[in-house]
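Heads up: the structure comes next, in structure tokens.
The values are calculated or read from the model by the stated rules, or taken from the named source; none is laboratory data. Given the structure is predicted, the values throughout are model-derived calculations rather than measurements. All Cβ positions, glycine included, derive from the backbone under ideal geometry; neighbour counts span all protein chains shown. SASA here: full protein model, heavy atoms, side chains in, ligands and nucleic acids out. Shrake-Rupley method; radii C 1.70, N 1.55, O 1.52, S 1.80 Å.
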Amino acid sequence: ESSPRGAPPSEPAAMTNRQPKPFRLSSEATPYSPKYTTTQQQAAEAAAFSSLVTHLRGRLDVPNIELMILGGFCRNCLAKWYLAGAWRSGLHITYDQACERVYGMPYAEWKAAHQPKATVEQLARLEATKPFHASHPKQDPPASPAA
């Protein structure tokens, strides 16, 4: 039995037959894509990130828990990935600043205005889909610039 297009699967158990596969975005071309320069690759990825953030800012009707259940990531994941990228680039920003970049406002303000309390069903679905959730490798912030 399949769900209507765009509808979530009726049972998270349907996902348990699959094993999550680690995914790493590579700058190397595949047989299906042209070769890019690093600058072109980074510009394309930055544009995709910006478009995704803009799209999610317009989808206030989609709570983070539903993003996690269906996609395995949420706005907080994007903020953590943005923070990691900023740190790798030597930018000194905080997690709160990364959240503001993704949410368009402080996270606490967004949560109070747009994040409904999760239902018991949502929490159960979240738990059932945990093997498919994104990871956020721990890393240290960049060294402070010399004064």
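Going residue by residue through the stretch 43-66, is there one that turns out to be in contact (Cβ under 8 Å) with a residue 60 or more places away in the chain, surrounded by 14 or more Cβ atoms within 10 Å (Cβ to Cβ) and touching a His at 6+ places or on another chain (Cβ under 6 Å)? The answer is no; no qualifying residue exists. Annotation: of all residues in the stretch 104-147 being open to solvent by less than 70 Å² (accessible area, probe 1.4 Å) and touching a His at 6+ places or on another chain (Cβ under 9 Å), the one that is modelled with the highest pLDDT is LEU126.
Does the stretch 31-52 contain at least one residue that is of a type in the set (Phe, Trp, Tyr), under 25 Å from PRO141 (Cα atoms) and in contact with a helix residue (DSSP H, G or I) (Cβ under 6 Å, 6 or more places away or on another chain)? No, that holds for no residue.
Scanning the stretch 67-97 for residues that are of a type in the set (D, E, K, R) and surrounded by 15 or more Cβ atoms within 10 Å (Cβ to Cβ) yields a total of 2.
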